[in-house]
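S.K.: Questions regarding the structure given below will be posed in turn.
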Amino acid sequence: MSDPRNTPPPLPQSASAPPPLPAAVLDGPGSPQDVPPLPGSFPLDTSTLPEAIRNEIEAPDPVAIDTSADELKDGLNRCPKCGATDIRPKLGTDILVCLYCRHEWHGARVEEEFGLGEAIDQLRGTVIASGARDIDADTSALMTFKCTGCGAEVTVNTESTMTARCHWCRHVFGVNEQIANGAVPDAVLPFHIKKEDAVARIRQFVDKRRMFALKAFKEQFTPENVVGVYLPYMIVDGNVSAAVAGKGEIKTREYTRGSEKNKQTYYDADIYQVERQVDFTVDDLPLESSAERGNLDTRANTNNIINTILPFDTKNAVKWNASYLAGFTSEKRNLDVEKLRPRLEDQLLSIARAQLEGTVRRYDRGVRWEQEQLEVHGTRWVAMYLPVWLYSYHQPGKNGGMLHYIAVNGRTGETMGSVPVQQWKMLLAALTAGTIIEALAIAFLVASPAGATALYWALYRFYRNTDKSHSFEHETEIDAKPVTGSDRRVDSISGTQEKRIRGDNVYEYRKRVARVKTGPE
């Protein structure tokens, strides 16, 4: 028998429930003496946050417009008459053709189908069409379809093509499902300019620039190698308000002092405080949605050439159908809405300045805007493929050389290009003359080294077109309300030798627009 003295004492009787927590009023973020609040117990007071964070939290979530085509998700674009899948675009039109029964039909215009051109002045927040949603970097470029004709599996690599043919039964598959890798947009604007027309336009462009063109370029020039490519763009509608303030000057007197070589010109002027406000909408403003194409640094590339052939008639874009890409190549979008928003806001501010420019012409010494405010009430984003005929030439050199483009707008035929030059030959032409006509031109223009420099850069710009770009301020559809504002005389100056107000950004804008719109082609 065991000794009862060695038996352990009994366990205390267990309680049916844990002891209650001490009562505490949850009226703060907690302290060592208080019970910490549960997550979400308190509403977030955004008024205490920095403005940038507050705006981001309070901004409504983007509204999505579903532009996908359920009937095409299996990859088969069937002829509505016979059911065949070998569909091709009819070049020069927006029509699709069945290669089996020759039936033709027109794709639905995306703007009419989804009301994308309506109520721009009522836009609030960010509205994003489904093809413009954020790109998922982990989404595979490979898509596999189950052929309904024979049961085989067909794989399409969206990095290089958007269509493929079943090698067993010859069904044609197209990538029409809006996968999140940027390959499938909301809409496509089909080619209207045929290849032979593009070749002729490129040849004509280069023929005007043969004299100083790089010898290797002339020897290798083969315009028949032009490629039809669909480039990715975001087409944006916006509802915007802008306000600017600054100084403007009106000349009251111009006079000279001194004599002969010591003669100097002086100016007196009145100074005004100038304020302007304008509300406006933009309809179909195009933004390059490829990071590579959006880089317009003319010291490193010639992407400005492609930018210059804008705008396109985006109102005629049709609902996405991979069959429109048959016979052409395409580049994927790799920029999301938020990455493009700073560029959009820069362009909207430039558009606002353009709307105000006509109201400050009285300031003959110019206007210097010192404060600028832009309020974007709402935007709508649509991903779209736009058609470009592209001829390229790689000029060897340091840092990888330079890739020169000659581009033709696939709808309007507008042509722009960069032709590599023999700089020594061009410089020599700016200093001497090889013909009587050149001699007269040189005699007129080159009366000094400054004149020779001016002639050299004029020739250089004619060949390279580094100063060209899309004049979106005037080539975008804009609906602006009447400009309001005030003008108040605040001071005057006398005896200044500066011909214009210092920092005249309105005058610089006028020069840029004039150069873009009237430069040589």
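S.K.: When you check Tyr393 against the structure, is it at pLDDT 90 or above, of a type in the set (Phe, Trp, Tyr) and assigned to a helix (DSSP H, G or I), yes or no?
M.R.: no
S.K.: Let me ask something additional. Please name all residue pairs, on different chains or six or more residues apart, with Cβ atoms under 7 Å, provided the first residue is in the stretch 455-475 and is under 16 Å from Ser418 (Cβ atoms) and the second residue is of a type in the set (Asp, Glu) and modelled with pLDDT of 85 or more.
M.R.: Pairs found: Arg461/Asp467.
S.K.: Looking only at the stretch 105-121, how many residues end up being in contact with an Asp or Glu (Cβ under 7 Å, 6 or more places away or on another chain) and either assigned to a strand (DSSP E or B) or exposed (fewer than 14 other Cβ atoms within 10 Å of the Cβ) (or both)?
M.R.: The number of residues fulfilling the criteria is 1.
S.K.: Taking Trp381 as the residue in question, decide whether it is of a type outside the set (D, E, K, R), modelled with pLDDT under 95 and out of contact with any Pro (no Cβ under 6 Å at 6 or more places or on another chain).
M.R.: no
S.K.: For Gly115, indicate whether it is under 22 Å from Asp313 (Cβ atoms) and free of Cβ contacts under 8 Å to residues at least 12 places away in the same chain.
M.R.: Considered against the rule, which asks whether it is under 22 Å from Asp313 (Cβ atoms) and free of Cβ contacts under 8 Å to residues at least 12 places away in the same chain, Gly115 comes out as yes.
S.K.: Look through Gly451, Gly503, Gly519 and report the one residue that is on the phi > 0 side of the Ramachandran plot and either out of contact with any Phe, Trp or Tyr (no Cβ under 8 Å at 6 or more places or on another chain) or at pLDDT 85 or above (or both).
M.R.: The unique qualifying residue is Gly503.
S.K.: What are the residues in the stretch 305-332 that are at pLDDT 90 or above and in a helix (DSSP H, G or I), if any?
M.R.: Ile305, Ile306, Asn307, Thr308, Thr314, Lys315, Asn316, Tyr324
S.K.: Somewhere in the stretch 405-428, is a residue modelled with pLDDT under 85 and in contact with a Ser or Thr (Cβ under 9 Å, 6 or more places away or on another chain)?
M.R.: No - not one qualifying residue is present in the stretch 405-428.
Residue-wise test of (1) closer than 30 Å to Gly413 by Cβ; (2) at pLDDT 95 or above; (3) charged (D, E, K, R); (4) outside any helix (DSSP H, G or I).
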{"residue": "Glu338", "(1), (2), (3), (4)": "no, no, yes, no"}
{"residue": "Leu348", "(1), (2), (3), (4)": "yes, yes, no, no"}
{"residue": "Leu356", "(1), (2), (3), (4)": "no, no, no, no"}
{"residue": "Val376", "(1), (2), (3), (4)": "no, yes, no, yes"}
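S.K.: Which residue, of Thr93, Thr85, is closer than 18 Å to Leu189 by Cβ and either more than 29 Å from the chain's Cα centre (by Cα) or β-branched (Val, Ile, Thr) (or both)?
M.R.: Thr93
S.K.: Only one of Glu370, Glu331, Glu357 is loosely packed, with under 15 Cβ neighbours inside 10 Å and among the acidic types (Asp, Glu); which?
M.R.: From the options Glu370, Glu331, Glu357, the qualifying one is Glu370.
S.K.: Please enumerate the residues belonging to the stretch 258-284 that are touching a Gly at 6+ places or on another chain (Cβ under 7 Å) and surrounded by 20 or more Cβ atoms within 10 Å (Cβ to Cβ).
M.R.: The answer is Tyr272, Val274, Arg276, Thr281, Val282.
S.K.: Out of all the residues in the stretch 258-304, which are polar (S, T, N, Q) and either under 14 Å from the mean Cα position of the chain (by Cα) or in a loop (DSSP other than H, G, I, E, B) (or both)?
M.R.: Residues satisfying the conditions are Ser259, Ser289, Ser290, Asn295, Thr298, Asn301, Thr302, Asn303, Asn304.
S.K.: Please verify whether Arg102 is modelled with pLDDT of 90 or more and exposed (fewer than 14 other Cβ atoms within 10 Å of the Cβ), treating the condition exactly as stated.
M.R.: When the stated conditions are applied, Arg102 passes them.
S.K.: How many residues are closer than 23 Å to Gly366 by Cβ, among the polar types (S, T, N, Q) and not in a strand (DSSP E or B) if we restrict to the stretch 470-504?
M.R.: Selection size over the stretch 470-504: 2.
The values are calculated or read from the model by the stated rules, or taken from the named source; none is laboratory data. Because the structure is predicted, anything quoted here is derived from the model rather than measured. All Cβ positions, even for glycine, are placed from backbone atoms using ideal geometry, and neighbour counts span all protein chains on display.
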